[in-house]
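Engineer: After the C-alpha cells below, expect a handful of questions from me.
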Amino acid sequence: MIDNEVIIRIKEDKSVRVEICENGSARTKVITPETLFECIKGSIVKEPISTGLLPPNIICVKANDAGMRYAVLEYQYDKADITYFKTEYKDFPLPRLLFGFRIEAGGRISAVNLGVPALGKLTPETPMYFYPFSNVAKFSLCTGSNSLPNIKTLQSLQHLPDFVLSWPDNDDRYSSQYNKMQMERRDLMEHLKDKDRQYYYDSVLVPMPKTTLKDFL
C-alpha cells in the first residue's frame with residue numbers, strides 16, 4: 001500500500017467514494033458530488049488581481065476572474081463647464097457626484113453609472129438622490145453616440161468624469177419630478193447657475209426611496 005494517497009472513485013449511481021491512505025492505514029468516506037466539487041474548487045490557487053496605481057479619488061474597485069472590473073470614483077470638483085444644447089454654462093455648480101465605470105477585460109468601458117450621494121463621510125448607508133439633470137435613468141448613464149477611450153490601467157480613469165461632463169447635454173430622460181421645484185430643464189439651469197453645492201441639498205435634490213450607496217457600489 002502506498003503511503004499518503006487519496007483515491008476518488010465515482011460509482012455509476014454518481015456516489016463518490018474517497019479512500020484515504022495515510023501512514024500505512026486506509027479509511028473510506030462517501031461524499032456527494034457537490035462536496036467533491038466544492039473541495040476541488042477550494043483547492044485551486046488563483047492568481048491575485050492587481051489594480052495597479054489608483055487615482056486618489058477612487059472609492060472602490062470590484063473585479064472578477066474574467067478580468068471585468070467595476071470602479072467607482074468621486075468627482076473631485078464642485079463645478080464644471082456644462083453645455084446644454086448650444087448654451088455653455090461656465091463653472092456651473094454641481095452636487096456631489098459619483099461615477100461608476102464597468103471595464104471589460106480588454107479595457108473597453110461597457111457601462112457608466114452616475115449617482116448623487118449625500119454630503120459627509122461616505123458609508124454603505126449614505127443616502128442617494130436622483131440625478132436632477134438629463135441622460136440618467138436611476139444610475140445608468142446613456143452615453144449616446146459619444147465614444148469612451150479604452151482603459152489600460154485604472155489610473156487612466158482619473159480624468160474620465162471631466163470627459164463625460166464635457167459632452168453636450170440635452171433633454172433625453174429628463175424629468176421635472178427629480179427636482180423639488182419641478183422646473184423644466186432650461187429653467188433649472190438658469191436658476192442654479194449662480195448657486196452653490198449646498199443649495200442642491202437644501203432646495204433641489206429628491207431622495208431615492210430606500211436607496212443607499214451600497215446599491216450604487
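Any read-out appearing in this document is the output of simple, stated calculations on the displayed coordinates, not a laboratory observation. Only a predicted model underlies this, so the values are computations on that prediction, with no experimental measurement involved. Positions of Cβ are generated from backbone atoms using ideal geometry, with glycine treated the same way; all protein chains shown enter the neighbour counts.
Engineer: Could you sort out which of Lys79/Lys210; Lys62/Lys121; Lys138/Lys193; Lys121/Lys195; Lys121/Lys180; Lys29/Lys62 sit more than 31 Å apart by Cα distance in this structure?
Structural biologist: Those over the limit are Lys29/Lys62.
Engineer: Also, quick follow-up: Arg17 versus Glu74, label points 7 Å from Cα toward the beta carbon: distance in nm?
Structural biologist: With each label placed 7 Å out from Cα toward Cβ, I get 6.2 nm.
Engineer: Here's something else I'd like to know. Could you calculate the contour length gain from Glu34 to Lys180, that is, 0.36 nm times the residue separation minus the distance between their Cα atoms, to one decimal place in nm?
Structural biologist: 47.2 nm
Engineer: Another question, if that's okay. How many nm separate the modelled label positions at Arg197 and Arg108, each set 7 Å beyond the Cα in the direction of the Cβ?
Structural biologist: For the pair Arg197/Arg108, the computed spacing is 3.5 nm.
Engineer: What does a probe at Ile8 reach in the range 15-33, counting residues whose amide N is under 18 Å from the point 7 Å along Cα→Cβ?
Structural biologist: Only 15-22, 27-33 fall inside the zone, counting backbone N under 18 Å.
Engineer: Now for a separate question. Given a Förster distance of 25 angstrom, what is the FRET efficiency for Thr143 paired with Ile59, based on the Cβ-Cβ distance and rounded to 0.05?
Structural biologist: In this case the efficiency is close to 0.75.
Engineer: Sum up the charges of everything whose Cβ sits under 11 Å from the Cβ of Asp215, counting Lys and Arg as +1 and Asp and Glu as -1, but leave Asp215 out.
Structural biologist: +2
Engineer: On full extension of the chain, what length is gained from Ser25 through Asp162, given 0.36 nm per residue of separation minus the C-alpha to C-alpha distance?
Structural biologist: Value of the extension gain: 42.5 nm.
Engineer: For the chain, what percent of Cα pairs sit more than 33 Å apart?
Structural biologist: That fraction is 37 percent.
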